[in-house]
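The values are calculated or read from the model by the stated rules, or taken from the named source; none is laboratory data. Note that the coordinates shown come from a computational prediction; the quantities given were computed from them, not determined experimentally. All Cβ positions, glycine included, derive from the backbone under ideal geometry; neighbour counts span all protein chains shown. To get the accessible areas, we keep the full protein, side chains included, count just its heavy atoms, and leave off ligands, DNA and RNA. Shrake-Rupley method; radii C 1.70, N 1.55, O 1.52, S 1.80 Å.
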Amino acid sequence: MHQRPIGTATRGTTNPNRLRRMDRWIAAAHGPALRRSDDPVAVDLGYGAAPWTAVELLDRLRTAEPRTAVVGVEIDPARVAAAQPYEREGLTFVHGGFEIPSAARPVLIRAANVLRQYDEGEVAAVWQRLCARLAPDGLLVEGTCDEIGRRHVWVALGPEGPRTVTFATRLGSLERPSDLAERLPKALIHRNVPGEPVHAFLRDLDRAWASASPYASLGARQRWIAAVRAVSADWPLTDGVRRWRQGEITVRWSALRPATG
């Protein structure tokens, strides 16, 4: 008997190249796990009204591991039907939800802009369900971005739970780092208030960005690197200059975990 998909349909808004920053990070951070896998399957969960994000995910992950296959999962049957003409070797589209209807346990599940419509109290159960579907070396990347992909924030989770939070931005469009707060994923967006760790982190990053203003004459990238290096003295970052140059900063989840509730 076919299981009824778990979840509700998203608005379906999607644009080509919207998730490039997230994909670039996944390929760099998770490429070794894809290469180690006997069956490197990635899931694009809730790809939306058009299949562009799944098509692009396949192309980008294959730069890290050419054997990668991508399964696009959508809870709206009409979206699946519309996407199926785009299927090709290594790319399929199926009807489903948080149960992840894939025969193989995915090495990656990407859920971008999916949980924004859910209540904060529902997030932990969804994370747990999705992480339970991962391969032992798998990764869940769940987060949010703006409509054209200039600003992203995502949480990376392994089978054991959340590991890191990554903030990524087009540096040329950034006035201050806390502008990224509007793209915090559902687990954190209501926690950007005094007394919560994510609020303290963004405050410190704003202060470091202001202090690094002399570097602005060298460009936004050099200013960002200087600001991130400054906050690395007080916050447990997991990346280095190579990623900072891309307009990223990744912090351990344990440092940003909500303090209340």
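Numbers below:
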| item | result |
| --- | --- |
| Among the residues listed as Ala135, Ala103, Ala83, Ala111, the single one being part of a helix (DSSP H, G or I) and small (Gly, Ala, Ser) | Ala83 |
| Counted residues, segment 169-221 - those being within 20 Å of Trp25 (Cα to Cα), in a loop (DSSP other than H, G, I, E, B) and open to solvent by 30 Å² or more (accessible area, probe 1.4 Å) | 1 |
| Residue within segment 236-247 that is among the aliphatic types (A, V, I, L, M) and either closer than 22 Å to Ala28 by Cα or modelled with pLDDT under 95 (or both) present | yes |
| Cβ pairs under 6 Å, 6+ apart, first in segment 123-137 and under 12 Å from Gly161 (Cβ atoms), second among the hydroxyl-bearing types (Ser, Thr, Tyr) | none |
| Criterion violated by Pro101 - all others in (1) in contact with a strand residue (DSSP E or B) (Cβ under 9 Å, 6 or more places away or on another chain); (2) open to solvent by less than 10 Å² (accessible area, probe 1.4 Å); (3) touching a residue at least 60 places away in the same chain (Cβ under 8 Å); (4) of a type outside the set (S, T, N, Q) satisfied | (2) |
| Residue satisfying condition, being charged (D, E, K, R) and in contact (Cβ under 8 Å) with a residue 60 or more places away in the chain, within set Arg110, Arg150, Arg176 | Arg110 |
| Any chance Arg133 is among the basic types (Lys, Arg) and over 16 Å from the mean Cα position of the chain (by Cα) | yes |
| Residue ID - modelled with the lowest pLDDT, chosen from residues in segment 1-58 that are crowded, with 17+ Cβ neighbours inside 10 Å, more than 19 Å from Ala103 (Cα to Cα) and β-branched (Val, Ile, Thr) | Thr10 |
| Matching residues, segment 59-83, being under 18 Å from Pro5 (Cα atoms), free of Cβ contacts under 8 Å to residues at least 24 places away in the same chain and open to solvent by 30 Å² or more (accessible area, probe 1.4 Å) | Pro77, Ala78, Ala81 |
| Among residues of segment 115-128, those that are at pLDDT 95 or above and buried (at least 16 other Cβ atoms within 10 Å of the Cβ), counted | 3 |
